[in-house]
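Visitor: My questions all concern the structure below.
Derivation of every value follows stated rules applied to the coordinates shown; laboratory data play no part. Just so it is clear, the structure is predicted and the values come from calculations on it, not from any experiment. Note that each Cβ is placed from the backbone with ideal geometry, even for glycine, and that neighbours are counted across all protein chains shown.
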Amino acid sequence: MATNMEKVRAATEEDLESQIASLRKELSSITQSLSEQGYEIGDQAATAYDAVKRSGRKAVKYVGEEAHFVADKARENPLTAVAIVSAVAAIGLLAGLSAYRR
């Protein structure tokens, strides 16, 4: 004959096993949901990367073309080019010095 303590223990064990099974089921659904969302995020990241890559290539091409244009103009007018570079360097130096003092 089972004592009251044994009955309580058995009921508690059954209750715990039921809760553990329920938690496992919830964890499984959460894991599946996160995995699906992660897949979608991965797809979105890949799409964004491809877009940035295309834009980057266009920007590099544009900057290259502009650099050739500037280089050609500098060859045509070397004194003007030196004056512009010197002015830009002086402005950069002054901006650096004022930022350093703060």
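Visitor: Assess whether Gly92 counts as being more than 30 Å from the chain's Cα centre (by Cα) and surrounded by 10 or more Cβ atoms within 10 Å (Cβ to Cβ).
Guide: Taking the combined requirement at face value, the residue satisfies it.
Visitor: One residue is enough: does region 71-81 have a residue meeting the conditions among the hydroxyl-bearing types (Ser, Thr, Tyr) and surrounded by 10 or more Cβ atoms within 10 Å (Cβ to Cβ)?
Guide: Within region 71-81, one or more residues are among the hydroxyl-bearing types (Ser, Thr, Tyr) and surrounded by 10 or more Cβ atoms within 10 Å (Cβ to Cβ).
Visitor: Additional query: Restricting attention to region 73-102, which residues are not in a helix (DSSP H, G or I) and not polar (S, T, N, Q)?
Guide: Arg102
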